[in-house]
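*Asks:* For reference, the structure I am asking about is given below.
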Amino acid sequence: MGRLNIAYWISETRRILRLTRKPKKSEFQETARVCAIGIILLGVMGFTVFLISRII
């Protein structure tokens with residue numbers, strides 16, 4: 001049973017890797033921009049909570 005699961009996982013991994021492609025420059029830049037905005041927003045929210053907790 002274990003070998004069957006490993007063989008299935010390997011075949012599915014190969015299938016997925018055949019379908020993938022390198023992103024275009026514009027797609028990569030958009031993804032990086034969205035991630036950076038999210039990280040900045042989380043940082044600002046965390047810092048705000050920290051400041052509020054220090055005041056109270």
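Read the figures in this text as sums done on the coordinates, not as results from a lab. It should be emphasised that the depicted structure is a prediction, and the values quoted were computed from it without experimental measurement. Reconstructed Cβ throughout: ideal geometry from the backbone, glycine too, with neighbour counts over all protein chains shown.
*Asks:* Output the number of residues of the stretch 18-49 satisfying the condition of being exposed (fewer than 10 other Cβ atoms within 10 Å of the Cβ) and either of a type in the set (Lys, Arg) or over 20 Å from the mean Cα position of the chain (by Cα) (or both).
*Replies:* Counting residues in the stretch 18-49 that are exposed (fewer than 10 other Cβ atoms within 10 Å of the Cβ) and either of a type in the set (Lys, Arg) or over 20 Å from the mean Cα position of the chain (by Cα) (or both) gives 5.
*Asks:* Consider residue 15 against the criteria (1) in a helix (DSSP H, G or I); (2) surrounded by 10 or more Cβ atoms within 10 Å (Cβ to Cβ); (3) not hydroxyl-bearing (Ser, Thr, Tyr): it satisfies all of them except one. Which criterion is unmet?
*Replies:* Result: residue 15 fails condition (2) only.
*Asks:* I'd like the full set of residues that are surrounded by 10 or more Cβ atoms within 10 Å (Cβ to Cβ) and not aliphatic (A, V, I, L, M), limited to the stretch 1-10.
*Replies:* Passing the criteria: 8, 9.
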